[in-house]
Amino acid sequence: MKIYTRTGDAGQTGVIGGRVDKDDDRVEAYGTTDELNSFLGQAMSFMDPQKYPDLLPDLLQVQHELFDCGADLALLKQDLRPYKVTADMVDALEAWIDKYDAETPDITRFILPGGGTVSSTLHVCRTVCRRAERLVVTLARTQEINPEVRRYLNRLSDFFFTIARTANFREGIADVEYIRSAEVFKRKS
């Protein structure tokens, strides 16, 4: 199989069920999800397996689920095949958020992206995830989508925030608090 097909030379690409312009909202949404997956791979490459034996397999699962998101976003009509992203995937993210959040100190102020290399890269994942989510919201205004993809990306950005804090904690690096803010979060109970 050749890597190049020449079928996109005129500015269109194939999606499941047809062809669209390469700058179509659908392509922007799944392309940004793919970009997020690349940044996640980079973040994982910075993780010491001794410090992250639990988190690395979870993140590998997220990479597969991001491919599922992309596949669902590339689907023009649901009747072509069943959606891949499900509510169970969102529930699993929530369980992971609770698990990793329990490991970190309480926060009372907004946290700036930063700290160590792993945390900083996970914050990049968080912000790219938010951009992907915004693009999915835009897409959903005019085209059919799997609503679970939007929910998944929303929860995934919260997961990235949580594990960025977990990474700083495991690396022995304090989170960088936004000092121009009053205390805005209640302590964990």
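Just a few scattered comments:
- Within this structure, TYR100 fails the test of being open to solvent by 30 Å² or more (accessible area, probe 1.4 Å) and touching a Leu at 6+ places or on another chain (Cβ under 9 Å).
- Every pair of residues 6+ apart whose Cβ atoms lie under 7 Å, when the first sits in the stretch 26-55 and is closer than 16 Å to ASN168 by Cβ while the second is open to solvent by 20 Å² or more (accessible area, probe 1.4 Å): PHE46/THR117; MET47/LEU56; LYS51/ARG170
- Filter pass, ARG180 being of a type in the set (Lys, Arg) and either open to solvent by less than 50 Å² (accessible area, probe 1.4 Å) or part of a helix (DSSP H, G or I) (or both): no
- Restricting the stretch 35-63 to residues that are of a type outside the set (Asp, Glu) and over 18 Å from the mean Cα position of the chain (by Cα), the residue that is surrounded by the fewest Cβ atoms within 10 Å (Cβ to Cβ): GLN50
Yes/no per residue for (1) more than 24 Å from LYS186 (Cα to Cα); (2) open to solvent by 10 Å² or more (accessible area, probe 1.4 Å); (3) out of contact with any Ser or Thr (no Cβ under 9 Å at 6 or more places or on another chain); (4) of a type outside the set (A, V, I, L, M, F, W, C):
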| residue | (1), (2), (3), (4) |
| --- | --- |
| ASP88 | yes, yes, yes, yes |
| ALA92 | yes, yes, yes, no |
| TRP96 | no, yes, no, no |
| THR117 | yes, yes, yes, yes |
| LEU156 | no, no, yes, no |
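- Among the residues of the stretch 66-82, at least one is under 16 Å from GLY31 (Cα atoms), modelled with pLDDT under 95, outside any helix (DSSP H, G or I) and not small (Gly, Ala, Ser).
- Residue count for the stretch 64-86, restricted to those that are open to solvent by 40 Å² or more (accessible area, probe 1.4 Å) and within 15 Å of ARG155 (Cα to Cα): 1
- Per the conditions (1) under 23 Å from GLU28 (Cβ atoms); (2) part of a helix (DSSP H, G or I); (3) of a type in the set (A, V, I, L, M, F, W, C); (4) touching a residue at least 12 places away in the same chain (Cβ under 8 Å), the sole criterion not satisfied by ALA140 is (4).
- The selection criterion, being β-branched (Val, Ile, Thr), in a helix (DSSP H, G or I), surrounded by fewer than 20 Cβ atoms within 10 Å (Cβ to Cβ) and at pLDDT 95 or above, does not hold for VAL128.
- Scanning the stretch 83-108 for residues that are over 13 Å from PRO147 (Cα atoms), of a type in the set (A, V, I, L, M, F, W, C) and not in a helix (DSSP H, G or I) turns up ALA102, ILE107.
The values are calculated or read from the model by the stated rules, or taken from the named source; none is laboratory data. All values derive from a computational prediction rather than experimental measurement. Here the Cβ is made from the backbone with ideal geometry for all residues, glycine too, and neighbour counts use every protein chain on show. These accessible areas exclude ligands, DNA and RNA; they are computed on the full protein's heavy atoms, side chains included. Shrake-Rupley method; radii C 1.70, N 1.55, O 1.52, S 1.80 Å.
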